[in-house]
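Undergrad: Got a structure for you, written out below as structure tokens; questions coming shortly.
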């Protein structure tokens, strides 16, 4: 059995090695991009079942952004939605025979965590300017600046370790059981692994929202409205 940590090289582009994870990643991106273009070109005022399903997904993403970040979802919908969709499809790519999910690779998960790290800076500066973003490191006190700077790096590291550990462990366990017990016995484990894939995509997206929210100026995060008193 090939270790899930081993990189399977498919071909070379000059001196560059192209692994199976890279090819799978690009195929997933092409499928998601093509699907998005196809759906956007067939939008109708009276939605079909497919359009209604996608509208439900978008509404769900918007609702999660509002509940988690306490802001309007428009600036963040594309990034958060794409992040969830990619991780979800990548985790479920294990259903294709001979394909290992790219999220079981350290480099893929590190790249996703780096995207979130950059997104925190990008959305923070976009919302409040460089000064507004940098002011978030002094919250709740200027004494917290060193710790907040360290936290901004360590939380990105924790994201990719969490995603890699959960996805890779599922692939590894199923591979061991499959080699020892045959084809039918691992089916319950595969179903559990698929469920875990959905949960991991959701958790990663929620953590991205929390970290992006932490980089927004405090004035953009509305406080909870005061409770009404009975007349």
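The numbers here are math on the coordinates, done by the rules we state, and not lab data. Just so it is clear, the structure is predicted and the values come from calculations on it, not from any experiment. Heads up, the Cβs are rebuilt from the backbone with ideal geometry, glycines too, and the neighbour counts pull from every protein chain shown.
Undergrad: In percent, how large is the relative contact order of the range 10-168, given Cα pairs closer than 8 Å and 6 or more residues apart?
TA: Working: 101 pairs, mean separation 32.9, N = 159.
It rounds to 21 percent for the range 10-168.
Undergrad: Under a crude label model (7 Å from the Cα following the beta-carbon direction), how far is residue 55 from residue 41 in nanometres?
TA: Placing both labels 7 Å along Cα→Cβ, they lie 2.2 nm apart.
Undergrad: Would you work out the Kirkwood radius for the range 9-219? I mean one over the mean of 1/r across all pairs of different Cα atoms, in Å. Please report the intermediate quantities before stating the final value.
TA: Working: mean 1/r = 0.0522 Å⁻¹.
So the Kirkwood estimate lands at 19.1 Å.
Undergrad: Give the shape of the range 118-166 as rounded, prolate or oblate, defined through the alpha-carbon gyration tensor: a ≥ b ≥ c are the square roots of its eigenvalues, a/c under 1.5 means rounded, and otherwise the shape is prolate if a/b is larger than b/c and oblate if not. Could the numbers behind the result be given before it?
TA: Numbers: a/c = 4.06, a/b = 1.55, b/c = 2.63.
Oblate is the answer for the range 118-166, as a/c is 1.5 or above yet b/c matches or exceeds a/b.
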